[in-house]
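Remarks on the structure that follows.
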Amino acid sequence: MKISKTAQLQKIAFNLRQDILAMIYQAQSGHPAGSLGMIDLILTLFATGILRHDPKRPAWEKRDYFLLSNGHICPALYAVLAQQKYFAREELETFRQINSRLQGHPHFLMNGKAINQKTLEGVEVTSGSLGHGSSQAAGLAYALQMDNKNNHVFCLLSDAEQQEGQTWETYMFAAHHKLKNLTFIIDYNHIQISGNTKEVMSLGDLKLKLIAFGLHVLEVDAHDFSDLEKKLQKAKDNNKQTVAIIAHSIPGKGVSFMEKDYRWHGQAPNKKEFESAMQELRIKKQEIK
């Protein structure tokens, strides 16, 4: 019996969740909650054709760009890039090791040169200083627009980054210059390293604020592959203004004891927790029809 496209993506996503946990457990360092929560969205971008890209030509001039502003969830990006054959899956085992290309935050260039003289394929910018990715994305989109190029820029941000002023300056810039080739995606998982966002600094009516700043706003269930594909494509096809997608996600998705618990924002599992999480993911994968 042939399984549906959605079921295929779900199975791949569970495999990638296992890769994410294995990376973080082996390194005993990393950020599982956001990585597990965003894997469905990043996979949808890369695997369905929405993001125009070619692993065999990572520097292809006609590619679309994916910028990970919240660089701490790079295990999700690394897992997808390996799945898409940008590099060998075995390299995931080097996560956060000295001289590895897979650092705890994505690195593009170091001191003007690629790490180990070789850039990690699929990584477009160095990120991790929260609040900066939106400006990088807007600058890139503006340059592409000035050159009359058709490349699209997707930028994934955390909800906690919405607490930073630079992010809102970028939204004003994008709206003013009518950057229709730019889509912001906000991981609205309601947690950050020090607690729940509503307790640290409430975002209020985020959708209304984004609209007031001149963006076209869409909302998506970050774990519904059909909804993800529809909304991401709709954002890319918008030819009038910059789009912001509020992605409602569950941090730690797939691992019951991690879900919605801010303490797993940046905490690696111990051996017992790791084995329990991997077993749960295997069982859930087997239940997909």
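Please work out if Pro55 is buried (at least 24 other Cβ atoms within 10 Å of the Cβ), modelled with pLDDT of 95 or more and not charged (D, E, K, R). Spell out the reasoning first.
Details: buried (at least 24 other Cβ atoms within 10 Å of the Cβ): no; modelled with pLDDT of 95 or more: yes; not charged (D, E, K, R): yes.
No; evaluated as a whole, the condition is false for this residue.
Please find, within the range 58-99, the residue that is nearest to Gln267 (Cα to Cα) out of those that are out of contact with any His (no Cβ under 7 Å at 6 or more places or on another chain) and among the charged types (D, E, K, R).
Once the filter is applied, the top-ranked residue is Arg96.
Starting from residues that are among the aliphatic types (A, V, I, L, M) and surrounded by fewer than 21 Cβ atoms within 10 Å (Cβ to Cβ), keep the ones in the range 16-30 and report whichever is farthest from Asp227 (Cα to Cα). Break it down stepwise before answering.
Step one: list which residues in the range 16-30 are among the aliphatic types (A, V, I, L, M), which gives 16, 20-24, 27.
Now drop any that are not surrounded by fewer than 21 Cβ atoms within 10 Å (Cβ to Cβ), which leaves 22, 27.
Values: Ala22: 28, Ala27: 34 Å.
Only one residue fits best here, namely Ala27.
May I ask you to list pairs of residues, at least six apart or on different chains, whose Cβ atoms are under 6 Å apart, with the first in the range 241-266 being closer than 15 Å to Leu157 by Cα and the second being polar (S, T, N, Q) and modelled with pLDDT of 95 or more?
Final answer for the pair search is Val243/Thr183; Ser249/Asn189; Pro251/Asn189.
Since Ala175 meets every condition but one in (1) within 17 Å of Asn70 (Cβ to Cβ); (2) in contact with a Phe, Trp or Tyr (Cβ under 9 Å, 6 or more places away or on another chain); (3) in contact (Cβ under 8 Å) with a residue 40 or more places away in the chain, which condition does it not meet?
The one condition Ala175 does not meet is (1).
Any chance you could count how many residues in the range 219-239 are over 21 Å from Phe173 (Cα atoms) and assigned to a helix (DSSP H, G or I)? Before you say what the answer is, go through the steps one by one.
We begin by selecting, within the range 219-239, every residue over 21 Å from Phe173 (Cα atoms); these are 219-234.
Cutting the leftovers down to assigned to a helix (DSSP H, G or I) gives us 225-234.
Counting residues in the range 219-239 that are over 21 Å from Phe173 (Cα atoms) and assigned to a helix (DSSP H, G or I) gives 10.
Please work out which residue is surrounded by the fewest Cβ atoms within 10 Å (Cβ to Cβ), limiting yourself to the range 125-150 and to residues that are farther than 17 Å from Ala175 by Cα and modelled with pLDDT of 95 or more.
Step by step, filter the range 125-150, then rank; the result is Asn148.
Between Ala33, Ala13, Ala7, which is hydrophobic (A, V, I, L, M, F, W, C), surrounded by fewer than 18 Cβ atoms within 10 Å (Cβ to Cβ) and assigned to a helix (DSSP H, G or I)?
Details: Ala33 fails: surrounded by fewer than 18 Cβ atoms within 10 Å (Cβ to Cβ); Ala13 fails: surrounded by fewer than 18 Cβ atoms within 10 Å (Cβ to Cβ).
Sole residue among the options that is hydrophobic (A, V, I, L, M, F, W, C), surrounded by fewer than 18 Cβ atoms within 10 Å (Cβ to Cβ) and assigned to a helix (DSSP H, G or I): Ala7.
Do any helices (runs of 4 or more DSSP H) lying entirely in the range 126-218 carry at least 1 residues that are under 18 Å from the mean Cα position of the chain (by Cα), and which ones are they?
The qualifying helices (runs of 4 or more DSSP H) are 133-146, 165-176.
Can you go through Thr44, Thr48 and tell me which one is at pLDDT 95 or above, surrounded by fewer than 17 Cβ atoms within 10 Å (Cβ to Cβ), closer than 23 Å to His248 by Cα and under 16 Å from the mean Cα position of the chain (by Cα)?
Thr48
The values are calculated or read from the model by the stated rules, or taken from the named source; none is laboratory data. None of the values given here were measured: they were computed from a predicted structure. Virtual Cβ from ideal backbone geometry, glycine too; neighbours counted across all protein chains shown.
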